[in-house]
Amino acid sequence: MIAVDWGSTHLRLYRMDADGTLRERRRSDQGTLASGGRFGAVLAAEMAGWDDAHILLCGMVGARGGWHEMPYLECPAGLPELARHMQRLHPPGFEGRELWFVPGLRDAAEAVPDVMRGEETQLATLLEVLPGGVHQVCLPGTHSKWVTIRDGRVQRIRTAMTGELYALLRKHSILGALMPDDDSRFDAYAFDAGLRRSVDPGGLLHHLFGVRTTGLSGQFEGAALASYLSGLLVGHELHACGLTDDGPRPAQVHLIGSARLLGVYARALTTLDVGVQRHPEDLAARGLHLLWARRMQAAGQRAPAPPA
């Protein structure tokens, strides 16, 4: 099978054996925004040479404005619901092949609902293996997701636009004027200072202007300001989740994502004495395989063995 994690900015493809073994992987900048509506042509080009009949897709490719809009499933939801509500398409140009789209999830417990697309597939593997009880998961990124899992079902979703706000402030605000273009350098001292500042009185809007004044006053050099800004934003994200309060905190948070982001969030959480368990970004591939296996079993067909 071919597992396709198709987000707004990136397209990730994984070719897998029937038992879930990952054979090949490809990555492209042809996200749904860059694809310009040419989804079939882009997918065919990116998986050239792969002739597998089953293609599983998740992410923004199933959003409004994507290739095929998939409805959201209401939380709480688990593996059975996700597998049962997958939809199969046979678009032109893919004769003899099946394209399966995975639904997103919607949490309507509050006055303003929250949603996810793509992350539910990364979570699928954890839903299969986590023991009963309550677990906290964080998927940091452009739109960081905080997820509460209870007894194998996604119970709550909370989204923070931390990554997108960081990029906007770096590139399109007065704060970025004092920072070098390259933000690959990580200054741990400045990051920790931003974390500490995030719990001071004044609020996020006041704290953000302080990023500029710390540079103007020489408290931090320009190369360290990006790390200070990152610490400030991540700290406010953790505060919004209640992790910086005096009350009880989770003993452990599962982190899913790229190694660079997981390192940043792991540092922030461990300063709060919260343990972390890291999981790789390509968990989506294993999740798609697992959902496919569940779907085949439900249809009474011979299902591939689940991934180890």
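Descriptive notes on the structure:
- Residue match in region 58-72 (condition: outside any loop (DSSP other than H, G, I, E, B) and farther than 27 Å from residue 23 by Cβ): yes
- Odd one out for residue 124, checked against (1) within 15 Å of residue 3 (Cβ to Cβ); (2) without any contact (Cβ under 8 Å) to a residue 24 or more places away in the chain: (2)
- Residue match in region 60-75 (condition: more than 24 Å from residue 161 (Cα to Cα), exposed (fewer than 13 other Cβ atoms within 10 Å of the Cβ) and touching a residue at least 24 places away in the same chain (Cβ under 8 Å)): no
- Taken over region 192-222, the criterion of being open to solvent by 30 Å² or more (accessible area, probe 1.4 Å), under 20 Å from residue 163 (Cβ atoms), over 25 Å from the mean Cα position of the chain (by Cα) and in contact (Cβ under 8 Å) with a residue 24 or more places away in the chain is satisfied by 197 alone.
- One residue alone among 255, 288, 283, 262 is more than 17 Å from residue 167 (Cα to Cα), touching a residue at least 60 places away in the same chain (Cβ under 8 Å), in contact with a His (Cβ under 8 Å, 6 or more places away or on another chain) and not polar (S, T, N, Q), and that residue is 255.
- Contact annotation: residue pairs with Cβ atoms under 8 Å, 6 or more positions apart or on different chains, pairing a residue in region 174-191 that is open to solvent by less than 90 Å² (accessible area, probe 1.4 Å) with a partner that is of a type in the set (A, V, I, L, M, F, W, C) and assigned to a loop (DSSP other than H, G, I, E, B), are 187/220; 190/220.
- Checked against the criterion of being part of a loop (DSSP other than H, G, I, E, B), of a type outside the set (Asp, Glu), touching a helix residue (DSSP H, G or I) at 6+ places or on another chain (Cβ under 6 Å) and touching a residue at least 24 places away in the same chain (Cβ under 8 Å), region 46-55 contains not a single residue that satisfies it.
- Scanning region 49-59 for residues that are more than 30 Å from residue 109 (Cβ to Cβ) and open to solvent by less than 60 Å² (accessible area, probe 1.4 Å) yields 50, 52, 53, 54, 55.
- Considering region 111-168, and only residues there that are acidic (Asp, Glu) and either at pLDDT below 95 or within 15 Å of the chain's Cα centre (by Cα) (or both), the residue that is least open to solvent (accessible area, probe 1.4 Å) turns out to be 120.
- The residue that is least open to solvent (accessible area, probe 1.4 Å), counting only those in region 99-110 that are farther than 18 Å from residue 1 by Cβ and in a loop (DSSP other than H, G, I, E, B), is 103.
- Looking only at residues of region 239-271 that are among the aliphatic types (A, V, I, L, M), within 16 Å of the chain's Cα centre (by Cα) and closer than 17 Å to residue 158 by Cα, we find that the one that is surrounded by the most Cβ atoms within 10 Å (Cβ to Cβ) is 256.
- Residues that are touching a Gly at 6+ places or on another chain (Cβ under 7 Å), over 26 Å from residue 7 (Cα atoms) and either modelled with pLDDT of 95 or more or among the acidic types (Asp, Glu) (or both) are absent from region 273-294 altogether.
- Subset of region 140-173 (residues that are among the polar types (S, T, N, Q) and touching a residue at least 60 places away in the same chain (Cβ under 8 Å)): 142, 144, 155, 162
- Candidate set from region 11-38 (those that are over 25 Å from residue 293 (Cβ atoms) and touching a strand residue (DSSP E or B) at 6+ places or on another chain (Cβ under 9 Å)); member that is most open to solvent (accessible area, probe 1.4 Å): 29
- One residue stands out among those in region 272-282 that are of a type outside the set (D, E, K, R) and assigned to a loop (DSSP other than H, G, I, E, B): the one that is most open to solvent (accessible area, probe 1.4 Å), which is 272.
The values are calculated or read from the model by the stated rules, or taken from the named source; none is laboratory data. Computed from a predicted model, the values in this text were never measured in an experiment. Note that each Cβ is placed from the backbone with ideal geometry, even for glycine, and that neighbours are counted across all protein chains shown. Just so you know, the surface numbers come from the protein's heavy atoms only, side chains and all, with ligands and any DNA or RNA stripped out. Shrake-Rupley method; radii C 1.70, N 1.55, O 1.52, S 1.80 Å.
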